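For reference, the structure is listed below as structure tokens.
What follows draws every value from the coordinates through simple rules; no lab data is involved. Keep in mind it's a predicted model, so treat the numbers as computed, not measured. Using ideal geometry, Cβ is built from the backbone for each residue, glycine included, and neighbour counts are taken over all protein chains shown.
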């Protein structure tokens, strides 16, 4: 798919992987809309890119529907969706003083990372299904999982479960949407230099980067963005989860 004048939606697009993706797609000519809970950062980036930004709770169907409707009215039907919105939680199944993992916190991570991703996918695809194809396809959906989906570490039960769910629904959704000409692909990043990572001391970041076989460093958000671009422009990529991790296999901790 040629991105020139194509409308694209990026959830979690105000920072990190999502922001890098928004910037690259805009440079390629896409009309970008950012969905993010950080309203100020989203608006600043959208203004820079000549796009739109909305404060969107991906778990709330009404919030997603309203933003999609307004974006479509202003920029046309979105052909590309990149799901980067997500949260992380570090907590053991049994914690200090033998206290069980709070169920509400486990549920919150699954709601945002898994249910929120599906909510946006379903509403986005329902609108796109009504549009005319561009060549042989109507559009592309790119989701964000994590290597934690395969090698969740100590304290990552909720996060790993949510990301494994994203991996697990990729092929069924791709099959669901195949007759509509909508592709679905998931990226499973390894250790990337995101705002969350930047909050750690420099020596800790360097140590984590050295765990990556090659290149022995943290991944760059623009490298994630380039993978999104490759997926969007290669029509044979569909129904797959692609690890973007420098060959790392995460240890227990």
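The table for this structure:
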quantity	calculated
Quotient of Cα Rg and 2.2 N^0.38 Å for the range 7-244, N being how many residues it contains	1.00
Descending principal axes extents, the range 47-155, alpha-carbon based, whole Å	57, 28, 28
Gyration tensor (alpha-carbon) shape descriptor, the range 156-253, a/c threshold 1.5	prolate
Förster radius 22 Å - calculated FRET efficiency between residue 105 and residue 176, Cβ distance, rounded to 0.05	0.10
Gaussian network model of the chain, Cα within-10 Å springs - most flexible of 234, 83, 143	234
FRET E, pair residue 92, residue 226, Förster distance 30 Å, beta-carbon r, rounded to 0.05	0.25
Fully extended contour minus Cα-Cα distance, from residue 131 to residue 200, at 0.36 nm per residue	20.4 nm
Using a Förster distance of 25 Å, the FRET efficiency for residue 211-residue 115 (Cβ separation, nearest 0.05)	0.20
Length-normalised contact order for the range 7-244 - Cα pairs under 8 Å, 6+ apart - percent	20 percent
Nearest 10 degrees, 0 to 90: helix 116-128 Cα axis against the chain principal axis	10 degrees
Ranking of 214, 106, 35 by count of other Cβ atoms within 10 Å, fewest first	214, 106, 35
CD proxy at 222 nm, helix term only [per DSSP H run n ≥ 4: -39500 (n - 2.57); per residue of the chain; nearest 500]	-13000 deg cm²/dmol
Residues 162, 63, sorted so that the one with the fewest Cβ neighbours within 10 Å comes first	63, 162
Rounded, prolate or oblate (a/c below 1.5 giving rounded, otherwise prolate when a/b exceeds b/c) for the range 128-210 by Cα gyration tensor	prolate
GNM flexibility winner over the chain from 81, 68, 237 (Cα, springs under 10 Å)	237
Cut-off 14 Å, label 7 Å out along Cα→Cβ of residue 66, residues of the range 11-48 by amide N	36-37
Alpha-carbon Rg with Dmax, taken over the range 1-61, Å	10.7, 31
Share antiparallel - DSSP beta bridges, the chain, percent rounded to 5	5 percent
